[in-house]
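First comes the structure, then the notes that go with it.
The values are calculated or read from the model by the stated rules, or taken from the named source; none is laboratory data. This structure is a prediction, so every number in the text was calculated from the model and none was measured. When we count neighbours, we look across all protein chains shown, and the Cβ atoms used for this are built from the backbone with ideal geometry, even at glycine.
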Amino acid sequence: MPTLEWIGKDKVVNHHQEVPYRVLERQYSYDEAGQHAEDNGSENMIIHGDNLEALKALLPQYEGKVKCIYIDPPYNTGNEAWVYNDNVNDPKIKRWLGEVVGKEGEDLSRHDKWLCMMYPRLKLLQRLLAEDGAIFISIDDNELYNLKEICDEIFGPNCFVSNISWQRTYSKRNDSKGIPAEIEHILVFSKRGQWIPKRLQRTAAMDEGYSSQDGDEHEWSSVTISAPGAATHQGMVYAIQHPITGELLYPPLGRCWSFGQAQMLECMNEWTDYELRIINDYEKRCEICGSDRGVSKEINAIMLKKPFETAQAEALNRYNQGIKKERPWPLLYFTAKGKGGLRRKQYLDKSSGKVATNLWPHIDVGHTGEAANELSVIFNGRSPFDTPKPSRLIERILQIASDPDSIILDSFAGSGTTTHAVLNMNKADGGNRKFILVEMMDYADSITAERVKRVIDGYGEGKKAVEGTGGNFSYYELGPVLLLPNGNLNEEVGPQKIREYVYFMETKEPLPAEQPMDEPYFMGLCRNTAYYFYYERESVTTLDYAFLSTIQTKAEGYTIYADLCAIPQETLRRHNITFKKIPRDIARL
């Protein structure tokens, strides 16, 4: 597969592995009681800090668990006026480029810098994405094709889902030279190939064609009973005798019946009695299939079993019962006062929703003007962002890519639109979607988190007042690194954070929330191996027979961390015990 090359790629392609693992430090929690220091146990997170380090910090708890990711990264237009500087000249990013890429960093072009910034972040996002998850990335023409290339490399070209065109403006532009841009792009990639988005809710316009003309208690519309593929489904091409006219009905040229013959026979028996019978219609079936290749000489037709006059009378009576709404017609019915072709009922309560295409007009998902107005109402008439995204746009993404209990991640959080959409949807359908926001800029608390607070509580005045959605979250800062450059543990982070990290590195699972009181060094049981972290900050720990006597958990194998080991290797092997030395054997994430 062709790959994109740029200055500095060799320095950043594996940089996500070198990013230090930092702990997350909760600063406060927010819920119906307002802001407070006590931990409310919320699974919703707003994190202030470099999103590369924040994404690394999320791995122990969330790797492979995020159902839907939406990011709105810098577009790299060169416009210095953006609040989130979209030409990647922000001092924090420049410093990172200098540290990682070296002296080349200052000489990189805008596109090279942007790719150096995005690549390792996308690598970590791919790891966080669930097997059935998808990522949606907003972008414009400046970096669209570069972004597509690196996403093909990171996610795989078979995981490309769509390039969605979002109509970002609602008014025509006559003041621009060249071709004015009305759309922005949303690139969609999945974790695995063949990802199928959910359908959108049905609209009133879609339901207008449903009624109950035969008195059926369920409204229905008329759909065809044939499908393409006669040449490859020759066994589903055969005659059905009309019970009222006596004519032989066939599917149209090139098509076959939608149901198997057994189901078709069962449906037709609701009109009158039918049977399977050979009628020597080989040439007709060849005509419908478009060739005689592979067509069977004899295939049963569905034919009237009773004399025609008797069958006709029964079928007419059944049809008239539907006209009088005394008894609904069967699933398969006849048009033109009972003398026409065969059709099928499609019930409204079993109809699928609307398919989401790759064109999202502003009337359906909002535009930048709507987004600015929305933000202005939240912040008392002042919009702190020039071009935010409308919450309806993110809601559309959540509708097709999340479940009511999914985890949603946005690592370029900006004004917090993603959480606004999550809270709106939870309120609308009673769901429990969880959100994780990451914002590196200093407005993470004053704008990003503040917006979420106001959405939870309600905002606006008078006719513009919006009722609160309810909900909660905790606000975090990036804390210290867990492993120091010299390989030692940073004991300032505390034993619980260390245990969480070590257990994840061993099992790729989060540390169990409930820990036994009588086994303080036990971390958990995973795939029938028990894991222990025998660690004390103020003293040296030794795996010896005295420690083994305290183990109560029964397992096929044991992995035990300690500073020292006083048990012979042969004894450890005989009892299926693996000793790991602290900190030497703690793996790096």
Thr571 vs. criteria over 22 Å from Leu489 (Cα atoms) and out of contact with any strand residue (DSSP E or B) (no Cβ under 7 Å at 6 or more places or on another chain):
yes
Looking only at residues that are of a type in the set (Gly, Ala, Ser) and farther than 13 Å from Arg451 by Cα in the range 373-426, which one is modelled with the lowest pLDDT?
Gly381
Within the range 527-559, the residues that are of a type outside the set (Gly, Ala, Ser), farther than 16 Å from Val502 by Cα and surrounded by 13 or more Cβ atoms within 10 Å (Cβ to Cβ) are Thr541, Thr542, Leu543, Asp544, Phe547, Leu548, Thr550, Ile551, Thr553
For the range 181-213, how many residues are of a type in the set (D, E, K, R) and not in a loop (DSSP other than H, G, I, E, B)?
2
Is there any pair linking a residue in the range 430-445 that is touching a residue at least 12 places away in the same chain (Cβ under 8 Å) to one that is assigned to a loop (DSSP other than H, G, I, E, B) and of a type in the set (S, T, N, Q), with Cβ under 7 Å and at least six apart or on different chains, and which?
Arg433/Ser402; Arg433/Ser406; Lys434/Asn44; Phe435/Asn44; Val438/Ser411
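Could you identify the single residue in Ile400, Ile408, Ile436 that is in a helix (DSSP H, G or I) and assigned by TED's automatic domain parsing to the domain that holds Arg127? Let's see the steps before the verdict.
Numbers: Ile408 fails: in a helix (DSSP H, G or I); Ile436 fails: in a helix (DSSP H, G or I).
Ile400 is the lone residue from the list that is in a helix (DSSP H, G or I) and assigned by TED's automatic domain parsing to the domain that holds Arg127.
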Going residue by residue through the range 464-471, is there one that turns out to be surrounded by fewer than 16 Cβ atoms within 10 Å (Cβ to Cβ) and charged (D, E, K, R)?
yes
Answer with yes or no whether Glu270 is at pLDDT 95 or above, assigned to a strand (DSSP E or B), over 30 Å from Met425 (Cβ atoms) and not assigned by TED's automatic domain parsing to the domain that holds Lys67.
no
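Are there any strands (runs of 3 or more DSSP E) wholly within the range 1-57 with 1 or more residues that are under 26 Å from Leu423 (Cβ atoms), charged (D, E, K, R) and assigned by TED's automatic domain parsing to the domain that holds Tyr443, and if so which? If you could, list the steps in order and put the result at the bottom.
Values: elements: 22-31, 34-36, 45-48.
Strands (runs of 3 or more DSSP E) meeting the threshold: 22-31.
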Filtered residues of the range 214-235 (kept if surrounded by 17 or more Cβ atoms within 10 Å (Cβ to Cβ), of a type in the set (Gly, Ala, Ser) and not in a loop (DSSP other than H, G, I, E, B))
Ser221, Ser226
Unmet requirement for Ala311, which otherwise passes all of (1) part of a helix (DSSP H, G or I); (2) of a type outside the set (D, E, K, R); (3) assigned by TED's automatic domain parsing to the domain that holds Thr448:
(3)
Has the range 374-381 got any residue that is surrounded by fewer than 18 Cβ atoms within 10 Å (Cβ to Cβ), more than 19 Å from Thr469 (Cα to Cα) and assigned by TED's automatic domain parsing to the domain that holds Ala444?
yes
Pairs returned, first residue in the range 519-531 that is over 12 Å from Ile560 (Cα atoms), second residue that is in a strand (DSSP E or B) and of a type outside the set (Ser, Thr, Tyr), beta-carbon separation under 8 angstrom, 6 or more apart or interchain, are Asn528/Gly557
Sole miss for Trp166 among (1) part of a strand (DSSP E or B); (2) free of Cβ contacts under 8 Å to residues at least 24 places away in the same chain is condition (2)
Is it the case that the range 129-148 has a residue that's among the aliphatic types (A, V, I, L, M), surrounded by fewer than 21 Cβ atoms within 10 Å (Cβ to Cβ) and over 16 Å from the mean Cα position of the chain (by Cα)?
yes
Does any residue of the range 514-523 turn out to be of a type outside the set (Ser, Thr, Tyr), farther than 25 Å from Gly41 by Cβ and either surrounded by 19 or more Cβ atoms within 10 Å (Cβ to Cβ) or at pLDDT 95 or above (or both)?
no
Note on the range 175-190: residues within 16 Å of Leu147 (Cα to Cα) and either at pLDDT below 90 or touching a Cys at 6+ places or on another chain (Cβ under 8 Å) (or both) are Leu187, Phe189, Ser190
